[in-house]
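The values are calculated or read from the model by the stated rules, or taken from the named source; none is laboratory data. Worth saying up front: this structure is predicted, and the values here are computed from it rather than measured. Glycine also receives a Cβ, built like all others from the backbone with ideal geometry; neighbour counts cover every protein chain displayed.
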Amino acid sequence: MRAITLGHYLPGDSLLHKLDPRIKLLCLLVLIVTLFLVRTFWGFILFGAFIFIIFLIAKLPWRYFLRGLRPVLYIILFTLILHFLFTKGGKVYWRLGPLSVEEAGIYMGTFMTLRLILLVVTTLLITLTTSPISFADGIEFMLRPFRRLGIPGHEIAMMMTIALRFIPTLMEESDKIRKAQIARGADFETGNIFRRARNLVPLLVPLFVSAFRRADELAIAMEARCYQGGKGRTKMRELHTKPLDYFGLFTSFGMMLVILLGRV
C-alpha cells in the first residue's frame, strides 16, 4: 500500500515543477500519443532516454519514483506471460500441449511490456510534480471547450482532484485498519486464494464505512462554504504561460516528430 504513489505530490523547484499545469497536461497527451506511435525497440530506447532526461530535470528521488512501479508489476508480468503463451509465429522455444513460447510471442511481450512501463513512468512524472489544485485547474481548462455541449468541466475537474487527493488517505486508512484487525487475530497471509479473499471482509467493510463517512463530511464542509459549482467562481492564482512552458510543449512535439519521421 505504501508503494502506491498515485495522487502524491512532491514539492520542488525544478523546471518541471514550474511548468504551467495546462501545458504539462498537453505534453502528457502528446507523449502518450507518441508512445503508441513507436514501432521498434530503437524508438523505445530513444523515448526512454528522453524521459530519463526529464526525470533528471525534475530532481525526483530515485527510490520514491521506482516505488511507483511496484503496484503495476503484476499487470506487467501478466501482459508478458499472456503474449509469451498465446502470440504465435516464428521459432518455437518451448511447448507444452496447446501452450507454447514462440519467437513472435517473446517479441510482442517484450514490446508491450516496455510500452506499459514507459506509459506509467511518463504519467508519474506529471503527477509527482503537479499539485492537486494545479492539476484540477489544468483539467478544467482542457474541458472548457466542451462547456457548450453541457459538460460541466469544473465539476469533473473537482471530482478528479478529490479522487486523487483521497487515494493516499484511503491507503493510510486501510493500513491502519489492517494492523488493527491483525491485532485482533485476523489472518490475511495464509490459506488458499478463496480463504484469503474471505478474510479481507473485516478489512473492506470498515474501509467502505470510512470512505462514505469522509465523503459525507466533505459534502457538508463544501455546503457550509456555499459551494455551488464553478458558476461565478474566481481563482486566487491565475495561470499564465511563460516562454519555458512553450519550450516544454515544443520539445514534446519535437519528440513526436522524431518518432514519426525516423519511423522508429
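What to note about this one:
- Across region 234-264, the number of residues qualifying as touching a Phe, Trp or Tyr at 6+ places or on another chain (Cβ under 9 Å) and either at pLDDT below 90 or under 19 Å from residue 155 (Cβ atoms) (or both) comes to 3.
- Matching residues, region 7-36, being crowded, with 19+ Cβ neighbours inside 10 Å, among the basic types (Lys, Arg) and either more than 30 Å from residue 262 (Cα to Cα) or at pLDDT 90 or above (or both): 24
- Test: residue in region 206-223 that is over 17 Å from residue 134 (Cβ atoms), more than 26 Å from the chain's Cα centre (by Cα) and either in the same structural domain as residue 24 (by TED's automatic domain parsing) or not in a helix (DSSP H, G or I) (or both): no
- Residue ranges of helices (runs of 4 or more DSSP H) in region 37-107 with at least 2 members surrounded by 17 or more Cβ atoms within 10 Å (Cβ to Cβ) and in the same structural domain as residue 128 (by TED's automatic domain parsing): 41-58, 73-86
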